[in-house]
Every structure is written in C-alpha cells, then in structure tokens.
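Below: one structure, written as structure tokens.
The values are calculated or read from the model by the stated rules, or taken from the named source; none is laboratory data. None of these values were measured; they are calculated from a predicted model. Ideal geometry is used to build each Cβ from the backbone, glycine not excepted, and the neighbour counts take in all protein chains shown. When the accessible area is computed, the model is the full protein with side chains, heavy atoms only, and any ligands, DNA or RNA have been set aside. Shrake-Rupley method; radii C 1.70, N 1.55, O 1.52, S 1.80 Å.
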Amino acid sequence: MTEIDTQDNGEIQEGTDYDVVVVGAGFSGLYMLHRLRDELGLSVKVVEKADDVGGTWYWNRYPGARCDSESHIYCYSFNDEILEEWEWSERYPEQPEVLEYLQFVADELDLRKDIDFETEVTSAAFDEEAGTWTVSTDDGDAVTSQYFVTAVGCLSEPYVPDFEALDDFEGEMYHTGKWPHDPVDFDDKRVAVIGTGATGIQVIPEVAKEDVERLTVFQRTPNYAVPARHRPLTDEEWESIQANYDEILEKAHNSGFGMPFETGYETAADLTMEEVEEALEPRWQEGGFRFLLAFEDLLINEETNEKVSEYLRNKIRETVDDPDLAEKLAPEDHYYGTKRPPLHTDYYKTYNEDHVSLVDVTEDPIERFTPEGIQTADDHYEFDMIILATGFDAMTGTLLQMDIRGRDGLTLDEKWNDGPQTYLGLALYGFPNMFTITGPQSPSVLSNMPVAIEHHVEWVSDTIEYLVDNDVKLIEATRAAERAWTTHNREVAEQTLYTTADSWYMNENIPDKPTVFTPYPGGIDLYHNTILEVAEKGYEGFELTEAVTDLGREGDKPQLSVMEGD
Ligand code: FAD
Ligand code: N01
C-alpha cells in the first residue's frame, strides 16, 4: 500500500480508513470481501502478500499438486451464475485449475480493485480508546479499521525443519508450499524428497515420472493413502451434477465433513475381517473420501479403526514388490484418519521403480545437510535437488506471525502460550472486533474447506451487519465463553482417536508447540448450528458494547446490550 485508498461509499466510520481490513485473498478473503463490500456496502481493504489471488492454490505449485476434494464440491455455493458458468474438467482439479477458478471468481465479482497485493501484514493492534484496529504492512504503511478479519488460511506458513547446516547445501532446494513459478528442470538430476504427508504423496510419483537420475524419499512416518481414482469428468457426469447441484451442495453443507457422501455401516467392531473387506472394497474401487465414511465410528472406535487400518496395510503389502519396503511404508504407529488422510495416484507403485528408494529416518536419522547432499547416521547421499515436503506451521502459525495485539497490548503469542483459546474458533477474548475465518477450534481442516469457509464468512458478515444495524461499537467474546469453548473442544477431541496421533492437528509437527488438538472435531453440521444459535440468541457468549460511532449510518441511539459478563 503506497497510499491509503480511502473509499467513500458513506459507510466508513469517522476517523478510520476502512470499515473492515481483511488479511488474505484465498477462498476465505475473496468471499469475505464480496459479502462485506457488495452485500453490506461497507468499505473493505484486503491485504495479500502474494501478487495474485488464490492462497493455497497460488503458493502450492509443486508437480502433482491437486485437490483431494472432488471439484464439484470444492467451490463456492453462494452464487448461481458462478456455479452455472464454471465447468470443472476433472474429478479432482489440479492446482492450475483451482487457481484459474479463483481468478475467475475475482474477475466476475470485480474483487481485485480492493486488494493490495504484494503487501504483508506485519502487525495489527487494537486501539482501546478509539475502538479501532491499526493494521501495519511491510511497506511501512498503516491503515485503521473498525473490524479486523483474518482470512490467512490454516496451512499457509510453510515449515522448514531446523536441519543442521541446511544452508550449506549447494544444489537446488524447494519447499513445496513455496514452489517456484518458473518451470523446474528435473532432467538427469539426483533428487531427494523429505516428507510423506499429503504433499509428499502427491509430489513423489510425479517427480519419479520425470527424467530424474534417481529419487530418494526420506520418510519419518508412513501414511495410509487411499486411491483417488482420478479421471476427467464426462459431459454426462457434469450434466448430472448441474441438474442436481442445489441438492448436492445442500447435502454437503449439512454433513459432518462438508461432503455429500453417504456413510456406510455403523461399525466394523462386530464384523470379521472378510466382512470388513467386503464393505470396504467398493469404496476402495470408487476411490476418494467416500472410503473414509465407510464406518461411522472410524474415528472413535479402536476396533473398527484397527480393521480398516489393517485393510489399508494389506493393500500396501499387495502393491509394493519388496516385502521389507512394504512394511516400512505400512503405518503401525497411528490409526487411519487420525492424521489427515491423503489420496494418492500411483504412490505405492512408484516404489517398485528401480530409480526410486526410501530412507527410513527413524532407523537412519538425518544428521545434517552438506554442500553435496544429506548426511544420515549411516550414509552420505549426494543430490542435485532437495524438495522439502515438510508441511506447515498449521492452524496458528500464520496468525502468530502477524504480531496481533488486543486490549492492553496483549499479544496473541502470549494469549496462546498454552495453545489456542477461542470462542467458536471465530473470536477471542481480549481482541474486540476481530474475527478469524477458519480459526483454530473451528472445523476448518476436518472438512471440505469451502463449506467451512462459507459458513464462517456468512456468519461474520451477518454479525457485522447486526452490529451496524444495532449501532453496536464493539463485540468481544467473554472470557467465560472462551474458556467453555476451549474446554468443549478438548473434551470432544478426547472422545476421538485423533488425540492418539502425533499429527499437525495436535501441533506435534513443530517442536516446542504445545500439544493440543487444534481444529474442532464435532462435525461441521453440528458446529454450524451452534454458531447460528449463538447469533439467534443475541450473540450469546459475546459482550456487545455501546457505539461511539455508527459506521456512517443514520440510526437510533446506540443500544447497550451487554451479554454474558465475567
Ligand atoms: P489460504 O488459501 O491459505 O489463503 C490465505 C492467504 O492469506 C494466502 O494467500 C496468504 O498469502 C495470505 N496471508 C497470510 N498471511 C498474510 C499476511 N501476514 N499478510 C498478507 N497476506 C497474508 N482443503 C480441502 O478442503 N480440500 C482439498 O483437497 C485441499 N487440498 C489442499 C492442498 C494443499 C497442497 C494445501 C496446502 C491445502 C489444501 N486444502 C484443501 C486446504 C486449503 O488450504 C483450503 O481448502 C483453502 O484453500 C483455504 O483457503 P483460505 O482462503 O482460508 O486460506
Ligand atoms: O505436510 P505434513 P503436507 N525430518 O505435515 C515430515 C493439506 N494438503 O504438506 O509425519 C523428517 O502432513 C513429516 O513426518 P512426520 C492437508 O491438509 C492437502 O504433506 O511428522 N521428516 C511428514 O511426513 C495436509 O495434511 C492436499 O513424522 C519430517 C511430512 O514431513 C496438509 O496440507 C495435498 C521432518 C510433512 O507432512 C499438510 O500436508 C497436500 C523432519 N525433521 C497438502 N519434519 C490435498 O488435499 C517433517 N517431516 C491433495
């Protein structure tokens, strides 16, 4: 932002540059801008550090980057014209297609003019006296606003482990979450991939297909991956989707995971392994996330999960020729689904290729990087290129990067010292007029995310509309409500198997982060009803305080409607 581009549409609070500042121009930020600007008529500035829209799909351009959600549900549902005009070409869209979709939406809704690209928010501070936010950016500029909305994503801060002498490596090194925009040349190169999460599982088969001299995968923990069964969408399929789109999307929005798929059986606990195989095989053949929904109690019943996990291990054993390697690739340390379950195309088969090998770093740990490659306890490996598929400082990392300060100068870092504490994953005690789209302790990453995003964006814009209409100046979660939600989140998580795994859901991928389950595991349908109910009850659990200004609207005297105090 070289210059403050103050809009004048009659809605600005006197004394602030914008009614709302939104950070991020991915799925969340784009829709947030549209709702606030085009439906409420507020002045909005979106700040985005990339040079274009897209978020995840702008940054993650690695070979094989593709959505695991099926295309027809990985999209916005709020605009019929967009739904009719956009046609997905494949069952799971590739990164360029999702990026193109978001660029199309930005153009259709004329969103770019209110986005400051190539600008990073470096701090956001609440001014208690004025009741406003000051948002500072890396170009030295600062703007003020009545509301501050973070739409920064759950998986947008790439994580590079603190490998010894990382910078000594003299070859090419890329993190998948910050992949170069120019084509990467793999020809005749000796390539390493570190990491076998959802990203590693996508990038490894694609790099193996390139003309590389050899590919060495460094695996710490194996993962259970189910075949995606990716294919182009036929005209008939697309016509059928179009004909039933309202129903499909409604079903997705009213489901536990944001997907319109039927669950199969209640449990596998009382089934023999043969019966389990019979139940799972059609879903295995169909591919995709329908597999995850075969048994309703998969994530709460160890017996069911163990049978499904064993089924998956057997599939790995059937595919990988070398039995020792197959055992290394077959997870034994966690239950299926307790880490984000990836889909794959040819992942396990890739290990049958002569030029592909695996280093199990639990047996042979990485000691340090060297100018030529990687030194493990047992060997020195020379590489021309190292690909870090080592994930993200997920859920809280990007928020904490931003130096957000609430009342009394309280930093988010201090507040979340023992793990995130929020009310509904949307708001924080001590941080008035701030909303977190898909914040920690909301379902977010445990769902098909566009659904979770739409629920949040709509809730936030409805809330701001309510506040404006009722001349409320400040909204803040109460301490009691926040404590209760944080406890509830923990208690629900403890009833599941999620807490048994060392996952990024549990903050376990980043050293020194507190071990705590970060998303809300109660299901997107239940959660959505909860947030709607909170609003219907006059924002139960929030404190609404009297307006000093009125966002430029004519109206009655401000109402003081103090809710639950503490
Ligand atoms: P993001 O897309 O992450 O956008 C956040 C934006 O905020 C980014 O553009 C970032 O540059 C910007 N930003 C952050 N900090 C700042 C700052 N300080 N200043 C300025 N700008 C900032 N979800 C699914 O449901 N299904 C899938 O199949 C799926 N596949 C995925 C594949 C990959 C490789 C990854 C990484 C994630 C995937 N996800 C998937 C999750 C995906 O992140 C969400 O679906 C969705 O794209 C999130 O949108 P968002 O706008 O909330 O966040
Ligand atoms: O990251 P991850 P990701 N030494 O954290 C390993 C979404 N996504 O980018 O498992 C050695 O899952 C680490 O090992 P371990 C999706 O939500 C979606 O793959 O911690 N290895 C792990 O193997 C996903 O869950 C899609 O033992 C180290 C890997 O690096 C999320 O993004 C596609 C290490 C990191 O896996 C993140 O996925 C891609 C170390 N020091 C991503 N540190 C689709 O939907 C880490 N690792 C298609």
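With the checklist (1) within 23 Å of Tyr174 (Cβ to Cβ); (2) in a loop (DSSP other than H, G, I, E, B) in hand, flag the one item Ile374 doesn't pass.
So the condition that Ile374 fails would be (2).
Select from the stretch 313-336 the residues that are crowded, with 21+ Cβ neighbours inside 10 Å and out of contact with any Pro (no Cβ under 6 Å at 6 or more places or on another chain) and write down the one among them that is nearest to Thr499 (Cα to Cα).
Tyr335
Identify, please: which residue in the stretch 377-416 is in a loop (DSSP other than H, G, I, E, B) and away from ligand 2 (no atom under 16 Å from the Cβ) and is, among those, surrounded by the fewest Cβ atoms within 10 Å (Cβ to Cβ)? If you could, list the steps in order and put the result at the bottom.
Restricting attention to the stretch 377-416, the residues satisfying the condition of being in a loop (DSSP other than H, G, I, E, B) are 377-379, 383-384, 389-391, 393-396, 402-403, 406, 410, 416.
Filter once more, keeping what is away from ligand 2 (no atom under 16 Å from the Cβ): 384, 402-403, 406, 410, 416.
Working: Asp384: 19, Met402: 18, Asp403: 14, Gly406: 23, Leu410: 16, Trp416: 19.
Top of the filtered list is Asp403.
Where the second residue is part of a helix (DSSP H, G or I) and β-branched (Val, Ile, Thr) and the first is closer than 16 Å to Thr132 by Cβ and lies in the stretch 455-478, which pairs have Cβ atoms under 9 Å and are six or more apart or on separate chains?
That search, which allows pairs on different chains as well, returns Ile475/Thr463; Ile475/Ile464.
Pairs under 8 Å by beta carbon, first residue closer than 20 Å to His253 by Cβ and modelled with pLDDT under 95 in the stretch 425-447, partner of a type outside the set (Gly, Ala, Ser) and open to solvent by 10 Å² or more (accessible area, probe 1.4 Å), six or more apart or different chains?
none
Which of (1) buried (at least 18 other Cβ atoms within 10 Å of the Cβ); (2) more than 16 Å from ligand 1 (Cβ to nearest atom) does Arg368 not meet, given it meets every other one?
Just one mismatch for Arg368, condition (1).
Spot the failing condition for Ile82; the list is (1) open to solvent by 20 Å² or more (accessible area, probe 1.4 Å); (2) more than 9 Å from ligand 1 (Cβ to nearest atom); (3) closer than 25 Å to Glu250 by Cα, and only one is missed.
Ile82 satisfies every listed condition except (1).
Taking Glu170 and the conditions (1) within 16 Å of ligand 1 (Cβ to nearest atom); (2) in the same structural domain as Ile366 (by TED's automatic domain parsing), which numbered condition does it fall short on, given that it satisfies the others?
The failed condition is (1).
Filtering the stretch 168-216 down to residues that are of a type in the set (Val, Ile, Thr) and part of a strand (DSSP E or B), which residue is nearest to ligand 2 (Cβ to nearest atom)? Walk me through how you get there before you give the answer.
Let us first name the residues in the stretch 168-216 that are of a type in the set (Val, Ile, Thr), namely 176, 184, 191, 193-194, 196, 199, 201, 203-204, 207, 212, 216.
Subset that is part of a strand (DSSP E or B): 191, 193-194, 216.
On the way: Val191: 16, Val193: 9, Ile194: 5, Thr216: 13 Å.
So, considering only residues that are of a type in the set (Val, Ile, Thr) and part of a strand (DSSP E or B), the one nearest to ligand 2 (Cβ to nearest atom) is Ile194.
Name the residue, out of Glu482, Glu494, Glu454, that is of a type outside the set (S, T, N, Q), more than 16 Å from ligand 2 (Cβ to nearest atom) and surrounded by fewer than 19 Cβ atoms within 10 Å (Cβ to Cβ). It would help to see each step written out before you state the result.
Details: Glu482 fails: surrounded by fewer than 19 Cβ atoms within 10 Å (Cβ to Cβ); Glu454 fails: surrounded by fewer than 19 Cβ atoms within 10 Å (Cβ to Cβ).
That would be Glu494, the only listed residue that is of a type outside the set (S, T, N, Q), more than 16 Å from ligand 2 (Cβ to nearest atom) and surrounded by fewer than 19 Cβ atoms within 10 Å (Cβ to Cβ).
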